[in-house]
């Protein structure tokens, strides 16, 4: 399923210019965004943790359980989004079960990504670590599958030993 096929041209579309903030960590959220075109950077506690390219969903937690945003999202390039409020999200998941499955898969992928990040050798932010003190620690995780694959290979190696 292509997520963009769930939205018609009449769907609520928003354009965010490069450098503009889509939403801020701690801010109350009530919209989910589907990035149809462009690139965004994701920051948690001021640290760059990832970069997402189209087609990707962001802010999905706000329509599942409204509350404070867990990250800041800034447009790296001009971005085109479809926005969904909770009512529209629920209608879409009811009428397009593939969309609901897609959102669940994204959530699972991000939980795995966070687990892999938590298992990384250093959890200190790079500005606190002395230069050269931990050159092997990743500065950001652009592809959660790389971190997951690395963690899986380590586990498999431990089982074989």
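The values are calculated or read from the model by the stated rules, or taken from the named source; none is laboratory data. Just so it is clear, the structure is predicted and the values come from calculations on it, not from any experiment. Please note: Cβ atoms are built from the backbone with ideal geometry, for glycine as well, and neighbour counts cover all protein chains shown.
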Region 20-70: strands (runs of 3 or more DSSP E) wholly inside it with 2 or more residues that are under 16 Å from residue 90 (Cβ atoms), touching a strand residue (DSSP E or B) at 6+ places or on another chain (Cβ under 7 Å) and free of Cβ contacts under 8 Å to residues at least 60 places away in the same chain are 32-37
Can you report the number of residues in region 92-147 which are modelled with pLDDT of 75 or more and assigned to a loop (DSSP other than H, G, I, E, B)? 2
Testing residue 58 on (1) at pLDDT below 90; (2) under 27 Å from residue 17 (Cβ atoms), one condition comes back false. Which one is that? (1)
